[in-house]
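All of the numbers you see were taken from the coordinates with simple rules; none came from a lab. Everything numeric in this text was worked out from a predicted model, so none of it was measured. Heads up, the Cβs are rebuilt from the backbone with ideal geometry, glycines too, and the neighbour counts pull from every protein chain shown.
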């Protein structure tokens with residue numbers, strides 16, 4: 001007689017899904033207080049998996065062709081590197097109202113236009129509501145099947161009946177596994193349903209896109225194991241008041257995770273933005289104090305970015321350092337370099353720095369532009385006309401090379417920025433500041 005297994009107790013942060021074997025007052029992942037709840041794993045039935053998987057030599061295993069299927073939505077295919085891989089599980093996150101469902105319906109339209117079946121499972125809206133949104137963006141194909149269902153086993157039965165190429169789950173927080181006692185949307189339910197969808201995806205050799213909600217700090221809600229078990233993790237992002245949407249990949253087992261896709265939200269759905277080089281800067285390029293330009297690389301795509309700074313005398317005991325789209329700690333480091341090697345003392349100044357267009361700078365290539373922007377605002381003097389600043393700033397005050405430097409320079413000159421300040425001509429921050437601002 002098999003021994004009954006004891007259920008294991010664990011604690012999960014209700015804000016971000018971080019798991020711990022013991023209760024914690026403050027979550028080490030998101031920093032929130034008193035968010036840990038106790039859960040118990042369901043005891044495993046020792047007789048449930050009595051079958052043994054056949055062990056085979058590697059030469060005996062037949063491989064399947066994983067040729068990617070392009071959707072025809074160029075920006076989406078670009079992020080996934082040529083399209084959807086069969087038998088892949090994709091997790092799509094984003095804030096409510098950002099356009100996730102709209103993007104999924106457009107993907108469904110593109111797939112059905114190729115003569116392939118799509119099953120859209122809506123746990124949040126009725127099929128009639130989904131059809132209403134689909135009609136607005138021109139989705140009418142009979143190859144698109146819509147069902148309002150939350151039971152993961154019922155979904156599995158429909159999949160086996162229809163045999164779709166693509167399964168869309170909107171969203172993972174609304175479906176449940178009946179034998180799991182926790183409520184719908186709980187960490188255990190999300191994890192168990194994710195595991196069921198993973199097995200279904202691999203067994204049926206189809207593709208699945210799961211919609212995931214995000215927390216207030218922008219991370220995917222639910223257990224981190226969900227992100228680990230999927231093949232691709234995508235985020236759809238956008239600034240409030242802006243029609244621009246950026247599709248960003250943070251994990252891709254079948255290609256690069258560096259690419260982004262850029263869309264514009266319109267009344268008829270998401271429209272692709274093909275020429276994004278000057279999308280995030282002012283159209284007039286007027287010379288103004290505190291404004292500097294740089295060229296960023298998003299995957300293989302060069303994008304011109306505008307850095308804005310405002311430097312003012314502080315009225316507080318400790319000066320403010322406020323950034324949008326740039327790492328505040330890196331700004332502190334650059335300010336220390338500026339003071340040490342240029343003699344500009346910013347200790348008594350409030351500094352506000354903004355990267356326009358909702359871009360978040362994640363590398364060091366914009367260091368020189370940030371320094372030029374801050375000093376320009378401090379001295380109340382505009383930088384040279386048609387100037388662009390590319391380069392990393394080291395702690396010794398030197399200007400260092402960055403990846404794809406030549407490609408960035410070529411893109412800047414193509415857009416009319418003929419005055420290029422880079423490590424090819426300038427070796428130190430002091431040289432750049434003296435030439436630009438005296």
Q. What ranking do 24, 234 get, fewest neighbouring Cβ atoms within 10 angstrom at the top?
A. 24, 234
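Which percentage, to the nearest 5, of the DSSP beta bridges contained in the chain is antiparallel?
Numbers: 43 of 74 bridges.
Roughly 60 percent of the DSSP beta bridges within the chain come out antiparallel.
For segment 33-183, what class follows from the C-alpha gyration tensor (a ≥ b ≥ c being the square roots of its eigenvalues): rounded when a/c is under 1.5, otherwise prolate if a/b is larger than b/c, else oblate? List each step's numbers first, then the result.
Numbers: a/c = 1.76, a/b = 1.18, b/c = 1.49.
Oblate, because a/c is 1.5 or more while a/b does not exceed b/c.
What ranking of 75, 392, 425 emerges when the number of other C-beta atoms within 10 Å of each C-beta is taken as an exposure proxy, fewest first? Walk me through the intermediate numbers first.
Working: 75 22, 392 17, 425 11.
Ranked by crowding around the Cβ, least crowded first: 425, 392, 75.
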Q. What 222 nm value per residue comes from the helices of the chain, counting each DSSP H run with n ≥ 4 as -39,500 (n - 2.57) and dividing by all residues, nearest 500 deg cm²/dmol?
A. -7500 deg cm²/dmol
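Compute the FRET efficiency between residue 268 and residue 74 as 1/(1 + (r/R0)^6), taking r as their Cβ-Cβ distance and R0 = 22 Å, and round to the nearest 0.05. If you can, show how the numbers build up before the last one.
Details: r = 17 Å, r/R0 = 0.78.
That pair, residue 268 with residue 74, gives E of 0.80.
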(Q) Which order do the peptides 292-305, 393-406 come out in when sorted by mean C-beta neighbours inside 10 angstrom, highest first? (A) 292-305, 393-406
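Is the C-alpha gyration tensor of segment 68-272 telling us rounded, prolate or oblate? Criteria: a/c under 1.5 is rounded; beyond that, a/b larger than b/c is prolate, otherwise oblate. Please report the intermediate quantities before stating the final value.
On the way: a/c = 1.32, a/b = 1.17, b/c = 1.13.
The shape class here is rounded.
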Q) Over what distance in Å are the Cα centres of segment 298-371 and segment 167-198 separated? A) 43
**Q.** Three semi-axes of the equivalent ellipsoid, segment 329-411, Cα gyration tensor, whole Å, largest first
**A.** 21, 15, 13
**Q.** 20 °C / 1.002 mPa s Stokes-Einstein diffusion coefficient of segment 291-437, Kirkwood radius on C-alpha pairs, µm²/s
**A.** 142
Q | Three-way shape call for the chain based on the alpha-carbon gyration tensor, with the a/c threshold at 1.5 | A | prolate
